[in-house]
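Okay, so here's the structure we're looking at.
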Amino acid sequence: MKLYDTVITTPLLLGTAQYPSPAILAEAIKASKTEVVTVSLRRETADGSGEKFWDILQQSGCHILPNTAGCHCAKDAITTAHMAREIFGTNWIKLEVIGHSDTLQPDVFGLIEAARVLSEEGFKVFPYTTDDLIVGEKLLEAGCEVLMPWGAPIGSGQGLRNPDALRSMRAYFPDIALIVDAGIGRPSDAMQVFEMGMDAILLNTAVAKAGDPVLMARAMAGAVEAGQLAYAADPMERRDMAVPSTPILGLAELM
Amino acid sequence: MNILVNDIPREINTPTLAAALVELGFDHPAIATAVNGVFVPASNRAAQVLSQGDKLEILSPMQGG
């Protein structure tokens, strides 16, 4: 899969928040086989805690995708993107402009505005968006080459709330990298994403808050592979009625 | 002069952002700065003069989803 000019082979992007320890985070990154990890920016303390976390990330060898989590307007998101570019040395930015504190639903108007400004400045924008097709179109017009529709509210683990809308998105944007971000709770949710032909998933809470995050990272990696294989294998159509799988030709007459 | 550093009142004795970061103990490389909501690149910190009441934000890498 290509994310802008970068080819990645494992279509699973992993968030780095909420793990029980830095060591478990490092193990989960390995177990998930991810090549892209998401990070954020927060106020630094004089003891340099952020610097220590940055050292762990650099040792992972993964591509870094900084986010603008917590920004509620385009201006804050743009400024945060500028700061992230300087710290992380990447022009990738997972653009979040949050519209509502309870649902963490994207403010798609602010999102499009920020995406346009940042794209013009040379950023490679990964917009966290809804499954709305017209918003998707506007984001592409703004310069995005990747769309990241939500599956369900961030951290909810509900799985895909509206799979029909995501299927429509897949059909509407056949050549755009679509990454389902947010809402994945279980490996079966991840499989569903890939069975409908999506390009990738972004996970965090589902792995970090599992009883055994490293084991769940492995399970997610397996689900991603199974879902991709299933989509490539072209699953059978569903039928309303039973159709015998065992041939009836040559069936004995025993009455 | 008195400024707000990550929303905490601090007194500094140096006029530039670059010097203030050293004085405040934030002289490690993995930080980014903004003054009064405007990003100040590392290359501009030596020239960025701080004023009484300025709001300085110092951000660093953090776990994120």
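The values are calculated or read from the model by the stated rules, or taken from the named source; none is laboratory data. Keep in mind that what you see is a predicted model, and the values were worked out from it rather than measured. We place every Cβ from the backbone using ideal geometry, glycine too, and count neighbours over all the protein chains shown. To get the accessible areas, we keep the full protein, side chains included, count just its heavy atoms, and leave off ligands, DNA and RNA. Shrake-Rupley method; radii C 1.70, N 1.55, O 1.52, S 1.80 Å.
With a 1.4 angstrom probe, the accessible area lost at the A-B interface totals about 2300 Å². Beyond 23 Å in Cα-Cα separation lie the following of the pairs A:Lys124/A:Lys209; A:Lys2/A:Lys124; A:Lys2/A:Lys94; A:Lys94/B:Lys55; A:Lys52/A:Lys124: A:Lys124/A:Lys209; A:Lys94/B:Lys55; A:Lys52/A:Lys124. Just report the Cα centroid separation between the stretch A:12-88 and the stretch A:211-237, whole Å. Comparing the Cα centres of the stretch A:12-88 and the stretch A:211-237, I get a distance of 25 Å. Across the stretch B:3-12, computed HN-Hα scalar couplings (Karplus, 6.51 cos²θ - 1.76 cosθ + 1.60, θ = phi - 60°) run 9, 9, 10, 6, 6, 10, x, 9, 9, 10 Hz from first to last residue, x flagging Gly and Pro. Label-to-label distance, B:Asn13 versus A:Ile176, with points set 7 angstrom from Cα along the beta-carbon direction: 5.7 nm. The residue among A:Leu14, A:Val243, B:Val40 whose Cα reaches farthest toward the positive pole of the charge dipole of the protein assembly as shown, with charges on the beta-carbon of Lys, Arg, Asp and Glu, is A:Leu14. The mean count of C-beta atoms from other chains within 10 Å of the C-beta of residues in A:30-43, rounded to a whole number, is 3. A Förster radius of 25 Å combined with the Cβ-Cβ distance from B:Asn2 to A:Thr45 puts the calculated FRET efficiency at roughly 0.80.
For the protein assembly as shown, what mean projected area does the convex hull of the alpha carbons give, in nm²?
That works out to 20.7 nm², a quarter of the Cα hull's surface.
Each part reduced to its alpha carbon centroid, the stretch A:96-153 and the stretch B:5-38 end up 32 Å apart. Axis angle, to the nearest 10 degrees, between helix A:49-60 and the longest C-alpha principal axis of chain A: 40 degrees. Accessible area per residue for the protein assembly as shown, computed on protein heavy atoms with a 1.4 Å probe, is 48 Å². Label sites at B:Glu23 and A:Leu229, each approximated as a point 7 angstrom past Cα along Cα to Cβ, lie 6.4 nm apart. Using a probe radius of 1.4 angstrom, the carbon and sulfur fraction of the accessible surface of the protein assembly as shown is 53%. Extension gain for the segment A:Asp240 to A:Asp132, taken as residue separation times 0.36 nm less the Cα-Cα distance, is 35.8 nm to one decimal.
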